[in-house]
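So the structure is just underneath, and the comments pick up after that.
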Amino acid sequence: MGRAYQNRKESMAKTSDAKAKVYSKYGREIYVCAKAGGVDPEGNLALRGMIERAKKDQVPSHVIEKAINKAKGGGGEDFSPARYEGYGPGNCMVIIDCLTDNPNRTFGDVRQCFTKTKCKIGTQGSVSHMFDHGAIFVFASEDEETALEALMEADVDVIDIENEDGKITVIAPHTDYFKAKQALMDAFEGVDFDVDEIQFLPHNTMTIEGDDVEMFEKFMDMLNDVDDVQNVYHNVEL
């Protein structure tokens, strides 16, 4: 499989106070999901999926409940998504997804990460055309044929499927996320997903060397220190 996916927990947990930052990021995403689609996970599939991922990343129940209760109140912050693209150390390609209540502040914070590492922030679409926006599912099984058959029957436009070391990896269009997940859950009773999320997947990866490696680590650490940054996607093979 040519397009590598990134482990969400690893990409979010780079700093010394990693747990607090992971909790904060999940809390914000859960709040936005609940406010947009309702606070009942049974009727809000996006919220249910986000709660499942939070629990898998060991986010405490009180953090989840606080975010949902905050959404119930109807007030609070008005977060909106923001996406930035550009070229990082070694001319790698980077996409940064944020949730912000102050777009000007967030843009300034993200741009500073580029500037301080001698990188270049680009315009919308400058690098995203070199990525697929895909739903990723990884789970333990050897039965790739059953997985593919279930996905095809559910009319999922599978981008890629691979069976390696007892793990099946499925990549589908992000628009087919819920359809693909339900098909796999129906086909594999009690399935436990190691990875279950939507990501940007680079068409091709690259390696960086020398000073660029240290600068890339600094760049990633700076981005993860920005409170509004939720996820960072890149084409560097680590």
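The values are calculated or read from the model by the stated rules, or taken from the named source; none is laboratory data. Bear in mind the structure is a predicted one, so any value in this text is a computation, not a measurement. So basically every Cβ, Gly included, is an ideal-geometry build from the backbone, and we count neighbours across all protein chains shown. All accessible areas refer to the heavy atoms of the entire protein, side chains included, with ligands and DNA or RNA removed. Shrake-Rupley method; radii C 1.70, N 1.55, O 1.52, S 1.80 Å.
If you go through the stretch 47-71 and keep only what is without any contact (Cβ under 8 Å) to a residue 60 or more places away in the chain, open to solvent by less than 80 Å² (accessible area, probe 1.4 Å) and part of a helix (DSSP H, G or I), you end up with L47, R48, M50, I51, A54, S61, V63, I64, A67, I68, A71.
Taking the residues in the stretch 23-40 that are open to solvent by 10 Å² or more (accessible area, probe 1.4 Å) and either of a type in the set (V, I, T) or touching a Cys at 6+ places or on another chain (Cβ under 9 Å) (or both) as candidates, determine which candidate is farthest from S80 (Cα to Cα).
As a first pass, look at the stretch 23-40 and keep what is open to solvent by 10 Å² or more (accessible area, probe 1.4 Å): 23-24, 27-29, 32-33, 35-40.
Then drop every residue that is not either of a type in the set (V, I, T) or touching a Cys at 6+ places or on another chain (Cβ under 9 Å) (or both), which leaves 32, 39.
On the way: V32: 8, V39: 18 Å.
Only one residue fits best here, namely V39.
Any idea how many residues of the stretch 203-229 are open to solvent by 20 Å² or more (accessible area, probe 1.4 Å) and closer than 19 Å to V22 by Cβ? Going through the stretch 203-229 one residue at a time, the tally reaches 5.
Being under 13 Å from F219 (Cβ atoms), open to solvent by 60 Å² or more (accessible area, probe 1.4 Å) and of a type outside the set (S, T, Y) is the filter here, so list the residues in the stretch 110-143 that pass it. Matches in the stretch 110-143: R111, Q112, K116, K118, K120. Would you pick out the residues in the stretch 72-109 that are crowded, with 19+ Cβ neighbours inside 10 Å, assigned to a strand (DSSP E or B) and hydrophobic (A, V, I, L, M, F, W, C)? M93, V94, I95, I96, C98, L99 - these are the residues of the stretch 72-109 that are crowded, with 19+ Cβ neighbours inside 10 Å, assigned to a strand (DSSP E or B) and hydrophobic (A, V, I, L, M, F, W, C). Does I168 qualify as being outside any helix (DSSP H, G or I) and open to solvent by 60 Å² or more (accessible area, probe 1.4 Å)? No.
Identify the residue in the stretch 149-163 that is in contact (Cβ under 8 Å) with a residue 24 or more places away in the chain and farther than 17 Å from Q199 by Cβ and, among all such residues, is least open to solvent (accessible area, probe 1.4 Å). Break it down into steps so the answer makes sense when it comes.
Filtering the stretch 149-163 down to residues in contact (Cβ under 8 Å) with a residue 24 or more places away in the chain leaves 149-151, 153-156, 159-160, 162.
Adding the requirement that they be farther than 17 Å from Q199 by Cβ leaves 149-151, 153-155.
Details: E149: 105, A150: 19, L151: 0, E153: 146, A154: 29, D155: 111 Å².
Filtering first and then ranking leaves L151.
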